[in-house]
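Just so it is clear, none of the values below were taken in a lab; they were calculated from the coordinates. These figures come from a predicted structure and were not determined experimentally. Positions of Cβ are backbone-derived with ideal geometry, glycine not excepted, and every protein chain shown enters the neighbour counts.
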Amino acid sequence: MEDSGKPQDFEARLRQARSGFEKMEEQAGNAPEQEPSESAIKSGRAGSELLASVFAGGLLGFLIDRFAHTTPLGLISLMVLGFISGVMRANATMKQANKKNAEKP
């Protein structure tokens with residue numbers, strides 16, 4: 001491969017390649033990247049609430065087991081409670097997102 005040492009040539013080839021790529025994306029029907037929708041943000045929030053609830057339950061259960069010497073009862077029971085709480089919170093978040101989406105014209 002021959003290197004001409006001219007940055008202008010590289011920049012021109014890069015612009016040409018990018019424009020060609022954008023044309024191919026448009027022809028394939030792929031829209032350019034857009035801001036995430038509000039429902040997508042709410043979905044991510046619901047997932048993180050579920051994960052945080054399970055993690056918090058597991059951590060509290062571990063600490064209770066550590067100090068009360070009840071291994072593994074505290075860990076298992078609080079992880080289950082955290083999972084139930086997380087599912088309820090995620091469900092409420094998704095219901096709220098669906099309600100807002102239904103209100104939009």
Next item on the list: Relative to the longest principal axis of the C-alpha atoms of the chain, give the angle of the C-alpha long axis of helix 7-28, reported between 0 and 90° and rounded to the nearest 10°.
Entry: 60
Next item on the list: Report the longest stretch of the chain that contains none of the GluC sites (Glu not before Pro) sitting in a DSSP loop with at most 10 other Cβ atoms within 10 Å.
Entry: 34-105
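Report the relative contact order of the chain, percent, no decimals, based on alpha-carbon pairs under 8 angstrom and at least 6 residues apart.
On the way: 78 pairs, mean separation 28.2, N = 105.
The normalised contact order for the chain reaches 27 percent.
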Item checked: Crossing angle, helix 38-68 versus the chain [Cα axis fit, 0-90 degrees, rounded to tens] -> 40
Next item on the list: Along Cα→Cβ, 7 Å out, is where each label goes; now give me the distance between the ones at A17 and L59 in nm to one decimal.
Entry: 4.5
Notebook entry, point to check: Taking the chain as a Gaussian network, where each spring joins two C-alpha atoms under 10 Å apart, which residue of F21, F83, F55 fluctuates the most?
Noted result: F21
Notebook entry, point to check: Of all the Cα-Cα pairs you can form in the chain, what percent are over 24 Å apart?
Noted result: 59
Notebook entry, point to check: Once the Cα atoms of helix 73-103 and of the chain are each reduced to a long axis, what angle between those two axes, in degrees from 0 to 90 to the nearest 10, is obtained?
Noted result: 50
Note to self: Tell me the net charge near K42. Cut-off is 11 Å between Cβ atoms, K42 excluded, with +1 for each Lys or Arg and -1 for each Asp or Glu.
What the structure shows: +2
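Counting only helical runs of four or more DSSP H residues, what would the 222 nm mean residue ellipticity of the chain come to if each run contributes -39,500 (n - 2.57) and the total is spread over all its residues?
On the way: 3 runs with 84 residues, N = 105.
It lands at -28500 deg cm²/dmol.
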